[in-house]
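The values are calculated or read from the model by the stated rules, or taken from the named source; none is laboratory data. Remember, predicted model here, so these are calculated numbers, not experimental data. Cβ placement follows ideal geometry from the backbone for every residue including glycine, while neighbour counts extend to all protein chains displayed.
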Amino acid sequence: MESESESESESESAFEGRSGGWRHAGYHLHVRLSVIIPTWCEAAAIEAQVAHARSVGDEVIVADGGSPDGTAEAAAQAGANVVPAPKGRGRQLRAGAAVATGDVLLFLHADTTLAEGARAAIERSVADPAVVGGNFLLRFDPPDLWARVFDTANDLRRRALAIYYGDSAIFVRRSVYDAIGGYRDQPLMEDFDLVQRMEEAGPTAYIRDVIAWSSARRFRDAPVATLASWALVQGLYSAGVPATWLARLYADRR
């Protein structure tokens with residue numbers, strides 16, 4: 001049987017700061033957590049996703065981009081606060097955050113679920129007042145060979161470059177979100193843009209002992225082409241090419 005100190009040590013090692021030098025001390029802080037889900041034509045899955053989000057957060061907000069398939073109605077029936085917004089993930093997330101009442105905002109894609117312990121992990125992370133937010137270890141489902149390639153690439157990129165996206169379930173303190181300007185109204189790279197400003201605002205937690213499971217549908221049909229397009233778009237955006245131009249290069253699989 002492991003000792004209490006050994007258990008704490010293992011738990012602490014799962015939380016990494018922006019440079020890998022910070023480790024959480026194991027404290028726990030209760031917060032009001034708002035879960036914000038952007039949707040477009042997710043009627044078949046949204047009820048289950050809202051139920052999942054309600055098991056994690058104190059309120060669930062679905063920001064729907066005008067889905068014609070009844071997504072908004074299904075989400076409302078499942079207990080979510082549905083907020084209409086112009087289609088576009090950045091716009092929808094911004095609209096959802098605007099009505100959220102939580103101390104911490106968790107942005108959760110409609111095809112991403114969090115393993116057990118996600119809420120406690122967030123609370124442990126933000127118990128450190130210096131931590132502005134963070135994300136979770138990402139795994140794609142189904143877990144085939146290409147999924148493992150994308151899993152590894154995302155993990156290495158997060159640890160080496162502090163780059164991560166919304167499919168890894170980004171969370172941020174409400175006060176920090178407001179201070180840095182929140183999600184911007186842009187058609188692409190909205191997560192990367194927010195994450196850059198989060199990383200500039202302070203240390204972030206990389207939760208690696210609770211997995212964010214996300215659908216592999218975005219690259220399943222053409223994994224090599226998708227990987228190449230992601231690298232190209234990120235490189236061009238980092239070089240200063242406007243997101244409005246890059247949106248023309250990126251197929252909408254949302």
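Among the residues of segment 198-209, at least one is of a type in the set (Gly, Ala, Ser), within 15 Å of the chain's Cα centre (by Cα) and not in a helix (DSSP H, G or I). For segment 67-78, the count of residues that are touching a strand residue (DSSP E or B) at 6+ places or on another chain (Cβ under 6 Å), touching a residue at least 40 places away in the same chain (Cβ under 8 Å) and part of a helix (DSSP H, G or I) is zero. Taking the criterion of being touching a helix residue (DSSP H, G or I) at 6+ places or on another chain (Cβ under 7 Å), at pLDDT below 80 and either over 17 Å from His109 (Cβ atoms) or in a strand (DSSP E or B) (or both), the only residue of segment 210-233 that qualifies is Pro223.
Restricting attention to segment 147-175, the residues being touching a Ser or Thr at 6+ places or on another chain (Cβ under 9 Å), over 23 Å from Arg94 (Cα atoms) and not charged (D, E, K, R) number 2. Please determine, by comparing only the residues of segment 27-57 that are within 22 Å of Gly182 (Cβ to Cβ) and in a loop (DSSP other than H, G, I, E, B), which one is modelled with the lowest pLDDT. For segment 27-57, the residue satisfying everything is Val31.
Here Arg158, Arg173 are screened, and the one residue that is in contact with a helix residue (DSSP H, G or I) (Cβ under 8 Å, 6 or more places away or on another chain) and either more than 28 Å from Ala80 (Cβ to Cβ) or surrounded by fewer than 17 Cβ atoms within 10 Å (Cβ to Cβ) (or both) is Arg158. Of the residues Val60, Val83, the single one that is modelled with pLDDT of 95 or more, outside any loop (DSSP other than H, G, I, E, B), within 19 Å of Leu194 (Cβ to Cβ) and in contact with a Gly (Cβ under 8 Å, 6 or more places away or on another chain) is Val83.
So which residues in segment 102-149 are closer than 21 Å to Val31 by Cβ and without any contact (Cβ under 8 Å) to a residue 12 or more places away in the chain, if there are any at all? Scanning segment 102-149 gives a single hit, Pro129.
Would a scan of segment 201-217 turn up a residue that is acidic (Asp, Glu) and farther than 22 Å from Leu137 by Cβ? Among the residues of segment 201-217, not one is acidic (Asp, Glu) and farther than 22 Å from Leu137 by Cβ, which makes the answer no.
Would you confirm whether or not segment 233-250 contains a residue that is closer than 28 Å to Pro86 by Cα, of a type in the set (Lys, Arg) and surrounded by fewer than 16 Cβ atoms within 10 Å (Cβ to Cβ)? Yes, segment 233-250 contains at least one residue that is closer than 28 Å to Pro86 by Cα, of a type in the set (Lys, Arg) and surrounded by fewer than 16 Cβ atoms within 10 Å (Cβ to Cβ). Only one entry of Arg184, Arg158, Arg173 meets the criterion of being basic (Lys, Arg), under 13 Å from Asn135 (Cβ atoms) and in contact with a Leu (Cβ under 9 Å, 6 or more places away or on another chain), and that entry is Arg158.
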